[in-house]
Amino acid sequence: MLLSIKNLTAEVEGKPILQGVDLDVRPGEVHAIMGPNGSGKSTLAHVLAGRDGYDVTGGEVLFEGQDLIALEPEERASRGLFLAFQYPVELPGVNNTHFLKEALNAQRKSRGEPELDSVAFLKLVREKIKLVSMNPELLKRQVNTGFSGGEKKRNEILQMAVFEPKLAVLDETDSGLDIDALRTVSEGVNALRSPDRAVILVTHYQRLLDYIEPDFVHVLAGGRIVRSGDKTLAKELEEKGYGWLADEEAA
Amino acid sequence: MNTAEQTSTDLRALVQAAGSEAAGALATPGWLTPVRERGARDVLTMPLPVRKDEAWRYTPVGFLERQSYRAPQVAAPGILVIADIQHLLRPDSVGPRLVFVNGYHAPALSAIGTLPDGVTLTTITQAPGQLPVGLRQQVERVAEHRHVFSALNSALVSDGALIHLAAGTILDSPIEILHIAVGTDEPGICHPRHAIVVDEGAQARVVERYCSVGDPVYFTNAVVDVHVAAGAGLVHERLQTESVGAQHLTELRVTLSENSFYRHVAAALGGEWSRTNLQVVFAGEGAEADLNGLMLAGDKQLNDVHLDIRHDVPRCTSREAFKGILDGRGRIVFDGRILVARDAQKTDAQLSNDNLMLSRSAEVDTKPQLEIYADDVKCSHGTTVGELDKDSLFYLRSRGIPESQAMRMLCQGFAGDVLDRLADQSLREIAQELLDKRLSTSGAALVEGESGDAS
């Protein structure tokens, strides 16, 4: 098992959000987590990445059998967890290439692997940037600063391509993208699918799943996974909305 | 009242000692004599700044009480050889270089090379009899001593660079003035004084650096006079990387004639106590001043910039962008005064001071002051004091970058606005390395403190 979440509860600023989440993810699988606004989807993504202020109050999360919650965010990254942000942060004054190189080498160093020199690194980035159809000029700019919505998302997927994580959590990666950007970002993600790599897609809408086909679809509502199924569940949600699930819950 | 003779360092005694020494002790070209005399007179009558003085309220000069500073002796030739300072020299520095050790010119370490016609580059003690008039006037310019330290500098000038560009001369390679302090048996106080005159239509770049070998305790009391004539331009880069025990005061006075430009990029990163008084006087219409500064106040460092920008004539533009980074119990003082005279219509002045606090024990005292007596001007000011952005920090950490490194990257990003304006890669690197070093020494305490707060 790559990721095993058991009865996870978490709160944000003292407010309980996750109320007992169970989820198992194996290498190579793509899971979609869907749900209405406020259901806890993004909270789950941030708890996994280790953001301050997202406090785990119960349950456990094992990543390759080890307690993920006990690790610092940077340790989680080095062990192969990657979160693509819904709102990638702008870092004025920090050069994008420098950032990518520092991050990759920090991860490699933490894993006891040799750091890449500039030549090897640039070769790697040039190869990966093709996967996400990103304008190479953006590498020379400050991280995400003044990037369009689509450019920011592509930059996230570029990072994923460079870091080659074991588990990528994509938080609402489809939000704010026009159809062309959605297509290229999805192609980037698909190119990175592999038997060793799992993906969790957190999304409100079904349309992303037209481009990235999930193996499993889960519906998160009220801080718990209330329904799991295959990709046909996403279609059903598209037609009926989330209301019927809430009704079923109440019944 | 606290007076000069009541501190451990008796400023008057310093002046008297210099006066009674053999005439050769302080080399004095004839034209400098009135400057020295006026300085000596003023030292006797001017008090030491005290907290009651608004301009010194947050920048006490208590170090003069704690230590007894003496005038350093003329460095014996060979006290430093080129190998000692090799690490301070910049590989991409191609221009002429004047080196001063403890305030005294060190010809063996300097490299003038061949200068194009129209460029005069010399020092006060080596100045030829027929100094260009503009330059001489600039050194002689005993503007009202605004405080006892500039009077002291006038009285005790050790040496200094004299730079003159004749009308129309364009010098591509930068002139570097390199100050090096080396430890002596007791703390020294030195008084360099530089003059830069760029005549009509000429252009130059001057790099001024203050650094040290080892970690000596000393007080640099510098005065720099700059005049940029009509249609001329000067790029002036200043890098202060003094030892952790040093005090540094620069009195920098700039006058700008019509349609001239002056670009100032400064990074004051070293010293225990550092202050720059930067005065820019617009004396001709259509001039531009672009002033940028970075101040670092690591633990127990004090870093002060006082601006006195005088828009006395119409249609001049000034930009003042100063940034501060504070850590530990560091302190930054910023006083940005812009005066727009009644006749100075169409003045365009924009001042900003942004500070990044890495520690809650640090302190910023920032005071922008616009005094506007004209009615058709475009002026603005803004100051900010903020902490590192938590979202940015998390973003970097989520990519595998450890917290302390993430902090340094964000600080470098913040400082980059200023440092990226330095023209040479090597200057940027010197500044970044020191910034990095200073931040990594006090960074550990911060991380502990922060997690303590969060829990």
Treat chain A as a sphere of radius equal to its Kirkwood radius over Cα pairs and apply Stokes-Einstein at 10 °C in a medium of 1.306 mPa s; give the translational diffusion coefficient in µm²/s, rounded to a whole number. 85
If you take every residue apart from B:Asp375 with its C-beta less than 13 Å away from the C-beta of B:Asp375, what net charge results, scoring Lys and Arg +1 and Asp and Glu -1? +1
Could you derive backbone 3J(HN,Hα) for the range B:170-179 from the dihedral phi with the Karplus parameters 6.51, -1.76 and 1.60 (θ = phi - 60°), listing whole Hz in sequence and x where the residue is Gly or Pro? 10, 10, 6, 7, x, 8, 10, 10, 10, 9
For chain B the translational diffusion coefficient, Stokes-Einstein from a Kirkwood Rh over Cα pairs at 25 °C and viscosity 0.890 mPa s, in µm²/s, is roughly 109
Residues of the range B:126-160 with backbone N under 19 Å of the label point set 7 Å from the Cα of B:Thr45 along Cα→Cβ are B:141-156
What list of ³J(HN,Hα) values in whole Hz, one per residue of the range B:83-93 in order, does the Karplus curve 6.51 cos²θ - 1.76 cosθ + 1.60 (θ = phi - 60°) give from phi, with Gly and Pro shown as x? 5, 5, 10, 3, 5, 8, 7, 9, x, 9, 7
Residues whose built amide H sits under 5 Å from the amide H of A:Ile33, excluding neighbours closer than 5 in sequence, are A:Leu201, A:Val202, A:Thr203, A:His218
Long-range HN-HN contacts of B:His264 with modeled amide H, under 5 Å: B:His236, B:Asp290, B:Leu291, B:Asn292
Quick one: check the C-alpha center-to-center distance for the range B:254-306 versus the range A:1-55, whole angstrom. 52
Please report Rg over Rh for the protein assembly as shown, where both radii come from the alpha carbon positions and Rh follows the Kirkwood definition. 1.08
Neighbours of B:Ser173 by Cβ distance under 14 Å: Lys/Arg at +1, Asp/Glu at -1, summed charge -2
Over the protein assembly as shown, the sum of -39500 (n - 2.57) across DSSP H runs of at least four, divided by residue number and rounded to 500 deg cm²/dmol, gives at 222 nm -8500 deg cm²/dmol
Would you kindly work out the equivalent ellipsoid of the range A:74-179 from its C-alpha gyration tensor and give its semi-axes, the square roots of five times the eigenvalues, largest first in whole Å? 21, 16, 12
Can you pull out the trypsin sites (Lys or Arg not before Pro) in the range B:157-235 whose DSSP state is coil and whose Cβ has at most 12 other Cβ atoms within 10 Å? none
Theoretical FRET efficiency, 1/(1+(r/R0)^6), r = Cβ-Cβ of A:Gln66 and A:Val119, R0 30 Å, to 0.05: 0.30
Return the long-range amide H neighbours of A:Gly20 (sequence gap of 5 or more, or a different chain), with a cut-off of under 5 Å between placed amide H atoms. A:Leu8, A:Thr9, A:Ala10
Roughly speaking, what is the stretch gain from B:Thr184 to B:Lys390, that is 0.36 nm per residue apart minus the C-alpha to C-alpha distance, in nm to one decimal? 69.6 nm
Quick one: net charge around B:Ala229, please, counting Lys, Arg +1 and Asp, Glu -1 for every other residue with C-beta under 10 Å from its C-beta. -3
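Quick note: the coordinates plus some simple rules give every number you see, no bench work behind them. Fair warning: this is a prediction, and the values are worked out from it, not measured in the lab. Note: ideal-geometry Cβ built from the backbone for every residue, glycine included; neighbour counts use all protein chains shown.
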